[in-house]
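Below: one structure, written as structure tokens.
The values are calculated or read from the model by the stated rules, or taken from the named source; none is laboratory data. Just so it is clear, the structure is predicted and the values come from calculations on it, not from any experiment. Cβ placement follows ideal geometry from the backbone for every residue including glycine, while neighbour counts extend to all protein chains displayed. Accessible surface areas use protein heavy atoms only, side chains included; no ligands, DNA or RNA. Shrake-Rupley method; radii C 1.70, N 1.55, O 1.52, S 1.80 Å.
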Amino acid sequence: MKKMWLWLCVAALSLGALSLVGCGHTDEEMAGKQREIDKLQADLKAAKAQIADDQAKFSDTQNSLNTMREQLKAAGLGLAQSKSDSARLQQALSEYRTRADQLAVIEQRFRELRAKLDKLTQFGVKVEPRNNRLVIQLPGDILFDSGRDDLKAQGKDVLGQIAEVIRSDKDLMNRFFLVAGHTDNVKYPPGGPFKDNWGLSLARARQVLLFLVGEVKPGAKISGGGLNPTRWAAAGYGETDPVAGTMLQQSEADRKKNRRVELVVQPNVEEMLNLGNIH
């Protein structure tokens, strides 16, 4: 009988009875037990739901990975190929950063040069990038009289100051320069000593070059620039490379800009980059 009685008590608890007479528990205690059972059942149900959700997400993720592997395989790309591409990309990014750092140094160097020559802007001297080369541009009218290749006193003074800036800069002294002569589009008169605009522009470039590589004479009012002749060359472009207007159509203001001599700083190998963002 005692065993039967205990069995009936346990059965009543599992069925959620609100009260049992003779089990030794009050209604309040039984209600608490029932709440515990309900909570455990709810927690179990939630845990099962979470497990099912996690299993579904895992299955979806696995399916996605399988799909991606199939797509890579279909494209002829395996995991090893992907790693190789990633390595090449990292190498390219590293090389880009290196070139960007080099360009930053070059830009700073050229800005410093322009700052040193700022005092000559009153004479129309400009320092600017052109055709991916750094150019010191001098108006032809301060250097020469019309149709002539004899350097004017003012032109020699300006060239002397430019030469002094270059001499004081170790990097510039070791650079190669091209002296480029340019004319406007007015045709050279027949029978003139220079034959044509090419001849005139080349003769003027030559005179500028000879002055810049000439000997510096201490105490002399005007002397040469003292630059290394092995790093300088001259060229004449005639009217073929205008900076204003076109070869066929130029206003008088355009012609004034096109009559010029340029000292072109030749780039080093690491400077074979786009200098267009130097302002």
Is it true that Pro129 is at pLDDT 95 or above and either among the charged types (D, E, K, R) or open to solvent by less than 60 Å² (accessible area, probe 1.4 Å) (or both)? no
Can we say Ile136 is under 30 Å from Gln266 (Cα atoms), in a helix (DSSP H, G or I), in contact with a helix residue (DSSP H, G or I) (Cβ under 7 Å, 6 or more places away or on another chain) and open to solvent by less than 100 Å² (accessible area, probe 1.4 Å)? no
Which ones in the range 249-270 are open to solvent by 50 Å² or more (accessible area, probe 1.4 Å) and at pLDDT below 95? Gln266, Asn268, Val269, Glu270
Which numbered condition in (1) assigned to a loop (DSSP other than H, G, I, E, B); (2) surrounded by fewer than 19 Cβ atoms within 10 Å (Cβ to Cβ); (3) touching a Leu at 6+ places or on another chain (Cβ under 6 Å); (4) not β-branched (Val, Ile, Thr) is the only one that Ala233 fails? (1)
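Check Gly78, Gly16, Gly24, Gly32 and return the single one that is in contact with a Leu (Cβ under 7 Å, 6 or more places away or on another chain), at pLDDT below 75 and open to solvent by less than 90 Å² (accessible area, probe 1.4 Å). Spell out the reasoning first.
Values: Gly16 fails: in contact with a Leu (Cβ under 7 Å, 6 or more places away or on another chain); Gly24 fails: in contact with a Leu (Cβ under 7 Å, 6 or more places away or on another chain); Gly32 fails: in contact with a Leu (Cβ under 7 Å, 6 or more places away or on another chain).
Selected residue: Gly78, the only one of Gly78, Gly16, Gly24, Gly32 that is in contact with a Leu (Cβ under 7 Å, 6 or more places away or on another chain), at pLDDT below 75 and open to solvent by less than 90 Å² (accessible area, probe 1.4 Å).
The rows are residues; the columns are (1) within 35 Å of the chain's Cα centre (by Cα); (2) modelled with pLDDT under 95.
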position: Leu159; (1), (2): yes, no
position: Lys170; (1), (2): yes, yes
position: Leu200; (1), (2): no, no
position: Arg206; (1), (2): no, no
position: Glu215; (1), (2): no, yes
position: Asn228; (1), (2): yes, no
position: Ala235; (1), (2): yes, no
position: Thr240; (1), (2): yes, no
Please determine whether any residue of the range 163-171 is farther than 26 Å from Ala115 by Cα and either among the acidic types (Asp, Glu) or not in a strand (DSSP E or B) (or both). no
Looking at (1) open to solvent by less than 40 Å² (accessible area, probe 1.4 Å); (2) farther than 19 Å from Leu212 by Cβ; (3) free of Cβ contacts under 8 Å to residues at least 40 places away in the same chain; (4) not β-branched (Val, Ile, Thr), which one does Gly124 not meet, given that it meets all the others? (2)
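Got a sec? Which of Arg148, Arg133 is more than 17 Å from Thr240 (Cα to Cα), under 31 Å from the mean Cα position of the chain (by Cα) and of a type in the set (Lys, Arg)?
On the way: Arg148 fails: under 31 Å from the mean Cα position of the chain (by Cα).
None of the others qualify; the one that does is Arg133.
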Among the numbered conditions (1) hydrophobic (A, V, I, L, M, F, W, C); (2) surrounded by fewer than 17 Cβ atoms within 10 Å (Cβ to Cβ); (3) under 18 Å from the mean Cα position of the chain (by Cα), tell me where Phe110 comes up short. (2)
